[in-house]
Amino acid sequence: MFIIDGIVVLLVLGAGGAIFSPKFRQLLRIRGGNAIDSATSAIEKEQDAFEQLKKKLPAQREMVTKVMAASNMAKSELDRRNTALEQVKGQFAQAKKLGASDAALDDLGSKFKTLKDAVDDQQKVLAEAQSTADEARHSLDQTIAAMQKFGQKVETDKSKAELAAALRVTAEARQSAQDITSALSAAGSASKEVDRQLEEARAANQLSKGTSTDQELAKLDEKAAAATGRAELEALLGNDKQ
C-alpha cells in the first residue's frame, strides 16, 4: 500500500514538474523509467538538446518550402500577366493596322493600362516573395550548418566523456596498484619484524644457558656423568655373569 502511494506521489510530482520545469521535462525524456531524482550527465543533456533541435528542423523546412512555393506562384502569376499584356499589345497593333475605330483602340488602351498596372504590382509582389524565400532558404541553410556543427560537437564531447571515463578507470587502477605495493611493503616490513623477533628469542634462549665456557663445562659434566653411568652399568653386568 505504501509503495502504491509513493508511486502516486511521484506521478503527481512528475506532472507538476513537467508543467513548470523545462529541465524536469528534459530529465523525464532522458530517464523516462528511472527515479525522478536521478541526475543526468552533461553529455546526456547535450545529446538531448541536439535531438530536440533536430525535431524542429522538419517544421522549418516545411515553412521554407511554403515560402518558396509562394514565390514560384508569384512568378507564374507575373508570367501570366505579362502574357496577357503582350496579347493586348498585339491586338492593338492589329486593330490599328486594320483601321479600327478610336473607341476600339481606346478600349484596348484601357485594357493595356490595367494589365500594365497589374504587372507592375505583381513584380513588387514577386520581388518581396523572392526576397522572403531567399532569406528563409538562407536561414534554413544556416540552421542545417549549425546543426551539423552541433552534431560534430556532440560526437567530440561524447569522445571526451568516454576519454574522461577511461582516465578515471586508469587512475583508479593505478591507485589500486599503489595500494597493493604499499600493502606488500608493509607486509615485508612486518615479516622482517617477525624474523628479528625470532632471532632475538633465539639469542635470549642461548644467553639463558650461560656463557660459552659455562656451556662447555656443562657439556663435559654431561659426558662425564654419562661415562660414569655406563661404567657402572657394565660393572653390574659383569657381576651378573659371574
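Miscellaneous remarks
- Just one of the listed residues (211, 228) is exposed (fewer than 10 other Cβ atoms within 10 Å of the Cβ) and either without any contact (Cβ under 8 Å) to a residue 24 or more places away in the chain or among the small types (Gly, Ala, Ser) (or both), namely 211.
- Within the stretch 130-147, one or more residues are surrounded by 11 or more Cβ atoms within 10 Å (Cβ to Cβ), touching a helix residue (DSSP H, G or I) at 6+ places or on another chain (Cβ under 9 Å), farther than 30 Å from residue 86 by Cα and free of Cβ contacts under 8 Å to residues at least 24 places away in the same chain.
- When 153, 113 are checked against the criterion of being out of contact with any helix residue (DSSP H, G or I) (no Cβ under 9 Å at 6 or more places or on another chain) and either open to solvent by less than 70 Å² (accessible area, probe 1.4 Å) or part of a helix (DSSP H, G or I) (or both), a single residue qualifies: 113.
- Within the stretch 126-144, being farther than 17 Å from residue 77 by Cα and small (Gly, Ala, Ser) holds for 136, 139.
- Cβ separations smaller than 7 Å between residues 6+ apart or across chains give the following pairs from the stretch 49-77 residues that are touching a residue at least 40 places away in the same chain (Cβ under 8 Å) to residues that are basic (Lys, Arg): 64/137; 68/137.
The values are calculated or read from the model by the stated rules, or taken from the named source; none is laboratory data. If you're wondering where the values come from, they're calculated on a predicted model, not measured in any experiment. Backbone-built Cβ (ideal geometry, glycine too); neighbour counts: all protein chains shown. The accessibility values were calculated without ligands, DNA or RNA, using every heavy atom of the protein model including side chains. Shrake-Rupley method; radii C 1.70, N 1.55, O 1.52, S 1.80 Å.
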